[in-house]
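What follows is a short report on a single structure.
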Amino acid sequence: MTDVSNSFHKITQNIRLRDGSVARKRAEIRQYFIDTFELYERLFLTLASDEVFYKRPQPLRHPLIFYFGHTAVFFVNKLMLAKVFTRRVDAAMESIFAIGVDEMSWDDLNTDHYHWPTADEVRAYRGKVRQAVLAAIDSVDFSLPIDWDSAMWPILMGIEHERIHLETSSVLIRQLALADVREYPLFDPCTETGPAPENALVPIAGKTVSLGNRRSSELYGWDNEYGHMTVDVTDFQVSKYLVSNGEFLAFVEDGGYENEQWWDTEGAAWRNYHQAMMPEFWNKTDAGYRLRLMTREVPLPLDWPVEVCYLEAKAFCNWLAAKTATSVRMPDEAEYRLMLQTAGVAHEHVDDPIDANWNLEHWAGPCPVNRFAHGPVYDAVGNVWQWNETPIYGFNGFAVHPLYDDFSTPTFDNRHNLMKGGSWISTGNEIALHSRYAFRRHFYQHAGFRYVVSERAVKKEFNVYETDASVAMYLEFQYGESYFQVANFAKKIAEIALAALDDKPRKRALDIGCATGRLAFELAPHFSHVDGLDFSARFIRQAAALQQTGTTRYELPMEGDLVQYKEIILSELGISTDSGNVSFMQQDACNLKPQYTDYDLVVAANLVDRLNDPRRFLAEMAGRVVPGGVLVIASPYTWLEEFTRRENWLGGYKKDGEPVSGIDGLMDALGEHFELLFAPLDVPFVIRETARKFQHTISQVTVWGRK
């Protein structure tokens, strides 16, 4: 491994995307990858033993072995999608460690579904991925500048993703029992402490603030950072320091956790459920309060920043507002940016270094709030993340990166609040000026807060209409109007499938490639359990929302910038979700987890010609459909190299001078274990793009019986 014991800064340097030569940039990215990969592995050297990998620091998170393997799998999955990789490194590992890092309804946290490999097996796997990624870095064809269409972009995406998990995994390690961790020299905390400084208010002059990253940026960016937004900010006052442990202690000792009036409905529900009486990392003993750091516990340093979830920070602000008879809250995104400008740190650290407790340049932990001055305030960036009043949303011009459609959109729900500024362990994109990270309001990170005094109203609710064009198109396709007298496709496929089953058992059904869920809902009344699986988190998010609330809204394009607002109400379509027997999960059809088996019915509608390896998918069906069960395949056979490498097409080519059709390919792939129950059916469907543009397609439906 690289010697990183005495040089944090070396391993955390960001990568410029536009300067230098291709050869130099390739070498820089190679080193950036190696340093990131090794630093992440060193983090897990703080575990006391390999047995600790299998402990869950939080019930809504996986055991640590998942996160150890997940970041390596991410590289493989994204490079497979980008067609930089043509084959997997280890399909079994890449199924186990693919998805499940936030408490979304489509994250599978059922421990019965996992047979974790040993830590040594994961280490060996990470070694194979390391070599595969290095080979890709050395060989991939790219030019400068690097943008998100570049073949090098998914490699940078994997590096920055692992740097995010460096931070989130350090939080999980901090939540383990002390007996489960050990100290490691690379992660030594600060030892400076003293009395808490008295906070004060600093005036900030209002102005119009522009937010959003440019496509021409020198640095890597996540999808939610691009676009633009302008906000008019009035004069306000901001706290000179982050709220310290000492300042927050006054709230605790004033009965802040017991007094209902300081807590909003969401905060009170969280506090009551967890029986919270102090911040997560505090421990009250006979000798006084103590603070849990990542690998040790120390007497509570009163001058360090308090680390809390948003709900606790909000309760403190409500308490302080009453104490001071002023309007106290946390800053919104625009106010925070204006504070950075006033502090003289509204620029990139890689361009003009900012002295702060971040980027692993000082300590592996927080430090006194009066240690790093930035203009008239302290810790404008660094030390701990700063909770923000603004829920994350998409700027004007927001677009999803096709290789990672579930990075941002699942959080556009008005329930994930922004955190700004980075912490002591934030590196790479996390400390970029344009970075935007958000967590659920009850989540713990290395996060604290500062407060502002302002009468200005903060926007906390953003458009709940689905604006993603492809998702809206599928919502209309599956739940919307019928066009040109063509019947609803999902309902028609359900009718064909149910008729084919006849009097066969109807215990378990699988809708693979379920999109926004209509077919799964249609099957639900006829089965004990239905799984709806799709690769796209954007689609699964809508299906899960419909299941939970029975309704959703979306914008349907009309022409140009004109849109039509529509609403789905499942009850009006005769669909009930009361039984709760439908489970929606995000999955890769070509690498399904082993628990998705023993189905009486599997339906794959308009899926096989969009898979990177349809033969692999079909080969697995014999092990997933019970003997006597039914497999329904619907496809228009639109083979495109955009989705499927030509050598993996099932049909649409000539072999030995003879044409091979999609049905020929299906017969060849399924014939050993399945028989065609009746002649193929042609089922039309219509997808609306705009008010005057429609896709009219004929899907061939074949129904197969498991021998």
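Nothing in this text is a laboratory measurement; each read-out follows from the coordinates by a stated rule. Small disclaimer: the values here were computed from a predicted structure and weren't measured. So basically every Cβ, Gly included, is an ideal-geometry build from the backbone, and we count neighbours across all protein chains shown.
With Cα atoms as the point set, the radius of gyration and Dmax of segment 445-573 evaluate to 19.2, 69 Å. Mean sequence separation of contacting Cα pairs (under 8 Å, at least six apart), scaled by the length of segment 8-186, corresponds to a relative contact order of 34 percent. Calculated on C-alpha atoms, the gyration radius of segment 265-376 divided by its Kirkwood radius gives an Rg/Rh of 1.01. Set the Cα radius of gyration of segment 482-706 against 2.2 N^0.38 Å, with N its number of residues, and you get 1.03.
Contact order for the chain, expressed relative to its length and based on alpha carbon pairs under 8 Å spaced 6+ residues apart, stands at 11 percent. Remark: the chain carries a charge dipole of roughly 520 debye about the Cα centre, counting +1 on each Lys and Arg Cβ and -1 on each Asp and Glu Cβ. Net charge of the neighbourhood of Pro366, taken over other residues with C-beta under 15 Å away and scored Lys/Arg +1, Asp/Glu -1, is -4.
With respect to the chain, whose longest principal axis is taken over its alpha-carbon atoms, helix 469-479 is tilted by about 50°.
Think of the chain as having a plus end and a minus end, set by charges on the Cβ of Lys, Arg, Asp and Glu; of Asn370, Pro627, Cys190, Pro627 sits farthest toward the positive end of this dipole.
When DSSP beta bridges are restricted to pairs lying wholly in segment 482-706, around 60% turn out antiparallel. Helix 64-81 against the longest principal axis of the chain: what's the angle in degrees, Cα atoms only, rounded to the nearest 10? Taking Cα atoms only, the helix is inclined about 50 degrees. Counting only DSSP beta bridges whose two residues both lie in the chain, roughly 70 percent are antiparallel. Taken over the chain, the alpha-carbon convex hull comes to 172 cubic angstrom per residue. Lysine pairs in segment 361-515 whose alpha-carbon atoms fall under 29 angstrom of each other, counting only those eight or more residues apart or on distinct chains, come to 6.
Judged by the mean number of other Cβ atoms found within 10 Å, the most tightly packed of the peptides 425-433, 207-215 leads the ranking 425-433, 207-215. A DSSP coil position with no more than 15 other Cβ atoms inside 10 Å describes the following GluC sites (Glu not before Pro) in segment 565-666: Glu641, Glu642. About its Cα centre, the dipole of segment 160-317 is roughly 240 debye, where the only charges are +1 on Lys and Arg Cβ and -1 on Asp and Glu Cβ.
Taking the 0 to 90 degree range and rounding to the nearest ten, how far is the long axis of helix 119-139 tilted relative to the main principal axis of the chain, both from C-alpha atoms? Value to nearest ten degrees: 80.
Whole-Hz Karplus values for segment 283-294 come out as 9, 8, 10, 4, 8, x, 6, 10, 10, 7, 9, 5 Hz, taken residue by residue from phi with 6.51 cos²θ - 1.76 cosθ + 1.60 and θ = phi - 60°; glycine and proline positions read x. Counting each DSSP H run of 4 or more residues in the chain as -39500 (n - 2.57), what helix-only mean residue ellipticity at 222 nm follows after dividing by all residues, to the nearest 500 deg cm²/dmol? Theoretical 222 nm ellipticity from helices: -9000 deg cm²/dmol. P(r) tail, segment 8-186: Cα-Cα pairs separated by more than 27 Å, 29% of all pairs. Lys-Lys pairs in segment 8-186 that are eight or more residues apart or on separate chains and whose Cα atoms lie under 27 Å of each other come to 9. Straight-line reach from Lys207: taking Cα to Cα under 16 Å and skipping same-chain neighbours fewer than 8 places apart, the aspartates and glutamates in range are Asp232, Asp235, Asp332, Glu333, Glu335, Glu455. Under the convention that each Lys and Arg Cβ holds +1 and each Asp and Glu Cβ holds -1, the size of the dipole of segment 8-186 around its Cα centre is about 560 debye. The overall shape of segment 521-623, judged from the alpha-carbon gyration tensor, is oblate: a/c is not under 1.5, and a/b is no greater than b/c. When His526, His349 are arranged by Cβ crowding within 10 Å, least crowded first, meaning fewest neighbours, the order is His526, His349. Cys residues of the chain that find no other Cys beta carbon under 4.7 Å: Cys309, Cys317, Cys514, Cys590.
In terms of other Cβ atoms within 10 Å, Ile575, Ile633 run from fewest to most in the order Ile575, Ile633. Scaled against 2.2 N^0.38 Å for its residue count N, the alpha carbon radius of gyration of segment 127-241 is 1.62. Footprinting exposure proxy ranking of Leu631, Leu166, fewest other C-beta atoms within 10 angstrom first, gives Leu166, Leu631.
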